[in-house]
Amino acid sequence: AQSVAQPEDQVNVAEGNPLTVKCTYSVSGNPYLFWYVQYPNRGLQFLLKYITGDNLVKGSYGFEAEFNKSQTSFHLKKPSALVSDSASYFCAVRDYILTGGGNKLTFGTGTQLKVEL
Amino acid sequence: DSGVTQTPKHLITATGQRVTLRCSPRSGDLSVYWYQQSLDQGLQFLIQYYNGEERAKGNILERFSAQQFPDLHSELNLSSLELGDSALYFCASSKSGGGLNTGELFFGEGSRLTVL
């Protein structure tokens, strides 16, 4: 089964500083990787995805992610953090279900990002 | 607004009871997914339906069941509720549902279930 790991429960950064939220993956075959954001008491919102192609993927709200095959990582980055970026961020990998032909997203445990003034 | 509608937003019930959570997917989406989010378990995949048929099953308890109707809305039924079933239940949808689906999932706002 495919899996992702987020090693940090919480990341604190000052507004205006660059931010990185880490994710590593374990897959067989080519990975399909995703980042989602969850604001308090809200559903998950899609930020970006890597399927194939350029290793640097650009997404919503100025976020980007770097796919690194040799390090099996897919870290989320933003050049300049905003207080409004404070939320929980989830890395995910698409997993195929051979029986039934279905699929699902398997999520990491999430990283809470706190951006302070 | 993701376009995925979930009702009810909040639900408080007692142990042993049964509840039904409802989800309407985005217009045009054929696939519906159910997830459970709790502090100790994180986001757990429960089940996927595609155009009315079950396609994938995850960590769904036998006390739980789901279905997708011809109009593509889905219901998640939770019975013989226990304290540990208290969680946020999310529905998500996508256009396709097979193994080659590389698209993102669109999540609803969730139904918060509290079992007392």
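Over all directions, average the projected area of the Cα convex hull of chain B and note it in nm².
Values: hull surface 26.9 nm².
Answer in nm², one decimal: 6.7.
When only alpha carbons of chain A are considered, Rg and Dmax amount to 14.1, 50 Å.
What does the average come to when, for each residue of peptide B:82-92, you count the partner chain Cβ atoms lying within 10 Å of its Cβ?
Numbers: counts 0, 0, 0, 0, 0, 0, 3, 0, 3, 1, 5.
That works out to 1 on average.
Once you average over the residues of A:43-51, how many Cβ atoms of partner chains fall within 10 Å of each Cβ? Numbers along the way, then the final one.
Values: counts 15, 13, 4, 7, 1, 1, 3, 1, 2.
For peptide A:43-51, the averaged partner shielding equals 5.
Overall, the protein assembly as shown carries a charge dipole of about 200 debye about its Cα centre when +1 sits on the Cβ of Lys and Arg and -1 on the Cβ of Asp and Glu, all other atoms neutral.
Determine, from the Cβ-Cβ distance of residue A:54 and residue A:112 and an R0 of 35 Å, the FRET efficiency 1/(1 + (r/R0)^6), rounded to the nearest 0.05. List each step's numbers first, then the result.
Values: r = 29 Å, r/R0 = 0.82.
Efficiency for this residue pair is about 0.75.
This model, with +1 at the C-beta of Lys and Arg and -1 at the C-beta of Asp and Glu, gives the stretch A:13-90 a dipole about its Cα centre of some 140 debye. If the cut-off is a Cα-Cα distance under 28 Å, which lysines reach residue A:58, setting aside same-chain residues fewer than 8 apart in sequence? Once the sequence-local lysines are set aside, what remains near residue A:58 is A:22, A:49, A:69, A:77, A:78, A:104, A:114, B:95.
Shielding by partners for peptide A:89-102, expressed as the average number of C-beta atoms from other protein chains within 10 Å of each residue's C-beta, is 5.
Rule-based calculations on the coordinates, nothing more; no lab input. On a predicted model such as this, the values are computed, not experimentally measured, just so you know. Please note: Cβ atoms are built from the backbone with ideal geometry, for glycine as well, and neighbour counts cover all protein chains shown.
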